1. Considering only residues that are under 15 Å from B:GLU14 (Cα atoms) and in contact with a Gly (Cβ under 9 Å, 6 or more places away or on another chain), look in the stretch B:42-60 and name the one that is surrounded by the fewest Cβ atoms within 10 Å (Cβ to Cβ).
2. Looking at the stretch B:61-90, which of the residues that are out of contact with any strand residue (DSSP E or B) (no Cβ under 9 Å at 6 or more places or on another chain) and not in a helix (DSSP H, G or I) is surrounded by the most Cβ atoms within 10 Å (Cβ to Cβ)?
3. Take the stretch B:32-80 and flag every residue that is over 12 Å from the mean Cα position of the chain (by Cα) and touching a residue at least 60 places away in the same chain (Cβ under 8 Å).
4. Please count how many residues of the stretch B:21-41 are surrounded by 17 or more Cβ atoms within 10 Å (Cβ to Cβ) and among the charged types (D, E, K, R).
5. Given the conditions (1) of a type in the set (A, V, I, L, M, F, W, C); (2) modelled with pLDDT under 95; (3) over 14 Å from the mean Cα position of the chain (by Cα), which single one is not true for B:VAL23?
6. A:LYS14 - would you say it is of a type in the set (Lys, Arg), at the interface with another protein chain (Cβ under 8 Å from one of its Cβ atoms) and closer than 14 Å to B:GLY115 by Cβ?
7. Residue by residue through the stretch A:46-60, note down the ones that are hydroxyl-bearing (Ser, Thr, Tyr) and either in contact (Cβ under 8 Å) with a residue 60 or more places away in the chain or crowded, with 17+ Cβ neighbours inside 10 Å (or both).
8. Does any residue in the stretch A:1-30 that is surrounded by 11 or more Cβ atoms within 10 Å (Cβ to Cβ) come within less than 6 Å, Cβ to Cβ, of a residue that is among the basic types (Lys, Arg) six or more places away or on a different chain, and which pairs are these?
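The values are calculated or read from the model by the stated rules, or taken from the named source; none is laboratory data. Computed from a predicted model, the values in this text were never measured in an experiment. Here the Cβ is made from the backbone with ideal geometry for all residues, glycine too, and neighbour counts use every protein chain on show.
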Amino acid sequence: MPKKDGRTALNEIKKDPELQGIPVVILTSSKADEDVLKAYDLGVNAYIAKPVTFDRLVDVVETLDKYWFEIVELPEKVKQRHSEEGG
Amino acid sequence: MTMNVHPITIVMAEDDPEDRMLVKDAWDESMLNNDLRFVGDGEELMDYLRRTGKYAGTAASPRPGLILLDLNMPKKDGRAALEEIKRDPELHDIPIVILTSSAAEEDILRSYNLGVNSYITKPVTFDKLVEVLKTLKKYWLEIVELPENHGDPGNRS
């Protein structure tokens with residue numbers, strides 16, 4: 001991304017005590033081993049390579065939705081901010 | 001749609017033998033063919049990962065691609081193990097999913113702050129557990145990219 005790339009933003013978020021509890025999922029076109037490893041080293045919650053077909057993208061989005069919003073517990077302050085902002 | 005499944009070893013730290021058996025049954029029901037290994041507490045988990053204690057000098061502890069971690073365990077609990085793993089440069093890139101009976105906000109927030117990859121409360125019914133494992137499988141083994149198995153302790157000098 002221009003200006004500040006995802007690695008820098010990820011690093012900043014995961015080092016900030018106020019923000020580090022927010023789950024971050026990388027969604028990128030890169031599948032390079034070094035990018036994957038670097039992201040996990042910086043504390044990413046998961047790394048997903050953008051699918052090339054639309055059907056596969058729908059499948060990824062549906063799985064993300066089910067995983068993070070039905071199966072996983074999120075910190076209360078993440079949920080509160082979500083509802084405050086009408087999400 | 002068929003997808004490639006990461007052929008990784010998964011280690012689960014769980015002290016309750018009945019819970020282990022339940023997870024094993026649900027695992028088979030979810031058609032998860034991955035190698036699943038159990039350790040009984042945080043201390044055994046660290047021994048497994050670092051090949052110390054009863055895992056010293058053996059090849060019987062392949063580096064896991066994913067760790068499922070209970071929070072409340074004897075000797076070393078899940079919180080302490082999570083903190084230790086996420087502070088260890090050799091181990092901190094292994095994804096960890098908490099699977100616990102605790103839904104306490106302080107456990108959830110603290111775990112995310114310590115760098116857990118996700119936090120799941122154990123479902124109370126078997127059917128729900130199968131559903132959770134199926135989604136876990138699809139997410140971690142088919143959708144997500146995992147770091148290469150770069151740091152197998154067996155390859156370290």
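1. Restricting to residues being under 15 Å from B:GLU14 (Cα atoms) and in contact with a Gly (Cβ under 9 Å, 6 or more places away or on another chain), the top hit is B:ASP47.
2. B:ASP77
3. Within the stretch B:32-80, B:LEU32, B:ASN34, B:ARG50, B:ARG51, B:ALA59, B:SER61, B:PRO62, B:MET73 meet the criteria.
4. Residues that pass the stated criteria total 1.
5. Exception for B:VAL23: condition (3).
6. Values: of a type in the set (Lys, Arg): yes; at the interface with another protein chain (Cβ under 8 Å from one of its Cβ atoms): yes; closer than 14 Å to B:GLY115 by Cβ: yes.
Against the criterion (of a type in the set (Lys, Arg), at the interface with another protein chain (Cβ under 8 Å from one of its Cβ atoms) and closer than 14 Å to B:GLY115 by Cβ), A:LYS14 qualifies.
7. Initial filter on the stretch A:46-60 (hydroxyl-bearing (Ser, Thr, Tyr)): A:47, A:53.
Once the filter is applied, which keeps residues that are hydroxyl-bearing (Ser, Thr, Tyr) and either in contact (Cβ under 8 Å) with a residue 60 or more places away in the chain or crowded, with 17+ Cβ neighbours inside 10 Å (or both), the stretch A:46-60 yields only A:TYR47.
8. A:GLN20/A:LYS14; A:LEU27/A:LYS50
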